1. Pop out the ³J(HN,Hα) list for region 188-196 in order, Karplus 6.51 cos²θ - 1.76 cosθ + 1.60 with θ = phi - 60°, rounded to Hz; leave Gly and Pro as x.
2. Taking neighbour Cβ counts within 10 Å as the exposure measure, how do 293, 149 sort from fewest upward?
3. From a point 7 Å beyond the Cα of residue 199 in the direction of its Cβ, which residues of region 274-295 have a backbone N at a distance under 12 Å?
4. For region 112-199, state which trypsin sites (Lys or Arg not before Pro) are in a DSSP loop and have at most 12 other beta carbons lying within 10 Å of their beta carbon.
5. Taking the Cα centre as origin and putting +1 on Lys and Arg beta-carbons and -1 on Asp and Glu beta-carbons, what dipole magnitude results for region 1-68, to the nearest 20 debye?
6. So if we plug the beta-carbon distance of residue 217 and residue 93 into 1/(1 + (r/R0)^6) with R0 = 25 Å, what FRET efficiency do we get, rounded to 0.05?
7. How high is the FRET efficiency from residue 267 to residue 208, r the C-beta distance, R0 51 Å, rounded to 0.05?
8. With 10 angstrom as the radius, rank 47, 24 by how many other C-beta atoms surround their C-beta, starting from the fewest.
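Since every read-out is calculated from the coordinates, none of them should be taken as a lab result. What you see is a predicted model; the values in this text were computed from it and never measured. Every residue, glycine as well, gets a Cβ built from its backbone with ideal geometry; the counts of neighbours run over all protein chains shown.
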Amino acid sequence: MSSETITSSQYIKHHLTNWTYGQHPDGSWGFAHTAEEAAQMGFNAIHVDTMFWSISLGFLFLWLFRKAAKQATTGVPTGVVNFCEWIVEFIDVSVRGSFTAKNNLVAPMALTIFVWIFLMNFMDLIPVDVLPSIAGYIGATFFGVDPHHVYFKVVPTTDPNATFGMALAVYAVVLFYTIKVKGFGGFAAELTMQPFQSKNTIIQLIFIPVNFLLEFVSLIAKPVSLALRLFGNMYAGEMIFILIAIMYSAGWAMGIFGGFLQLGWAIFHILIITLQAFIFMTLTIVYMEMAHHDH
């Protein structure tokens with residue numbers, strides 16, 4: 001879609017709206033044609049673009065590393081094999097440095113999280129109008145849909161549904177191993193017997209609800225912060241790219257200036273997308289370490 005045919009606020013709103021499938025107020029199911037329709041669909045709506053790109057990039061990760069594994073030899077690695085081996089060694093060092101227990105799931109989970117999130121974040125480096133414009137052209141040409149009503153976000157990690165989904169899945173695994181290693185009693189003790197303790201039984205009983213309140217808040221805050229940290233950073237980065245793109249419609253001078261800004265932000269953003277994938281992976285390893293050891 002062209003930013004010259006709509007206002008700046010409409011342009012921003014269009015780029016921040018997901019391609020949504022859900023139930024309309026009249027009871028029928030279908031795709032939302034406006035941002036208002038998407039909002040009315042509520043909780044049961046599906047963000048099709050988020051699902052499409054996250055699943056596609058997940059399969060890309062699996063295909064790439066499977067291909068590297070099949071090509072691996074005892075000689076000096078080259079090309080994609082060398083790249084994949086470098087990532088695996090990097091993950092191995094990170095896991096060994098933060099995880100001291102024995103669990104064969106941690107390293108593969110850390111590898112999956114890092115590469116998958118990095119690939120989803122990397123979509124932020126594609127110019128903001130390229131893929132949405134292609135989607136709008138396909139919608140107008142083959143389905144007769146107004147391009148302004150074709151929504152197509154390409155960065156899954158700018159959707160809190162994706163980041164919360166990953167964070168809750170990770171924390172479900174953490175809770176599973178917490179109970180498996182420590183038992184339900186040990187897990188309950190961590191929630192009720194600290195940080196305040198006393199040798200006096202009556203005082204300790206008084207401390208239990210206070211401890212539970214504090215520890216429960218900490219328990220809930222971990223997946224929430226994990227999800228919001230990734231979402232917030234990627235959403236802000238995407239917003240900056242969109243604001244820079246608006247400058248191209250303000251004349252050739254602002255367009256040239258916007259081009260330099262976009263290049264500079266893209267170079268800096270490479271660090272952001274990598275760092276956010278690394279932080280999510282590292283916190284996952286740390287939470288798994290906490291699950292395997294007493295407080």
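1. Rounded to whole hertz, the list is 5, 5, 5, 7, 10, 9, 8, x, 8.
2. Exposure proxy ranking, most exposed first: 293, 149.
3. Hits in region 274-295 for residue 199 at 12 Å: none.
4. Answer in residue order: 199.
5. 460 debye
6. About 0.15, to the nearest 0.05.
7. 0.45
8. Listing 47, 24 from fewest to most nearby Cβ atoms yields 24, 47.
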